[in-house]
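A short write-up of the structure that comes next.
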């Protein structure tokens, strides 16, 4: 696989909070842009670059744009509750699209990134194609389910028995050098998306999920609800599927078709 350099940029979102995004691609002006949004606790580097997914897209000639969500990675991590209004991640995503002047682009995300994309679609985003990975229907329509789990982890750090799901979640937090206070604030921003808004997604949409991933409900139900939805299973659970080469293969095949 060809090797592509990465370059990190920053901009001020709609409310002045500084956000970062990393780009990878062939470098030609005609490269088609795809915006990929990472999951909760993660970063663009961990979600998309580390395991080779972004490089597979760049090899297909795509300009890969990977923001770090507010409170994550290289983006600002304010602790002020005023910096975390409801649906702020959706607003940040739309602000990045506007900042880059993207008119013809694709949009993909994993877990919280997929949920953020659905919120963007419900609020006017108009990509040509969509990838929703690591997200089931319950995680879109009832966001507080997983939110309660993460709240418990973040408010009880250091207390979990080794090997438990909570312990593994905390271990992942440490690897990404996450800021617990900022990440707690992110939980306040979640907004449910009604089924009819999901059913209104008109774009060709790939829904891809680990065969053992039930953390956010059933992913195939999302694909069933979207008129032009396609469901694809890959090996793994919610934490391991993102490390599998099959994830990058599935996204690259879909977007390059």
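Among the residues of region 212-233, is there at least one that is under 30 Å from residue 81 (Cβ atoms) and in a helix (DSSP H, G or I)?
no
So which helices (runs of 4 or more DSSP H) stay within region 57-158 end to end and still have 3 or more residues that are under 18 Å from residue 20 (Cα atoms) and in contact (Cβ under 8 Å) with a residue 24 or more places away in the chain?
So the answer is 88-100, 112-122.
Restricting to region 174-185, name every residue that is touching a residue at least 40 places away in the same chain (Cβ under 8 Å), part of a helix (DSSP H, G or I), out of contact with any helix residue (DSSP H, G or I) (no Cβ under 7 Å at 6 or more places or on another chain) and under 10 Å from residue 41 (Cα atoms).
Across region 174-185, the qualifying residue is only 175.
Surrounded by fewer than 19 Cβ atoms within 10 Å (Cβ to Cβ) and free of Cβ contacts under 8 Å to residues at least 12 places away in the same chain: does that describe residue 256?
Taking the combined requirement at face value, the residue does not satisfy it.
Here, each number is a calculation from the coordinates, and none is a lab measurement. These numbers come from a predicted model, not from an experiment. In this analysis, Cβ positions are derived from the backbone assuming ideal geometry, glycine residues included, and neighbour counts consider all displayed protein chains.
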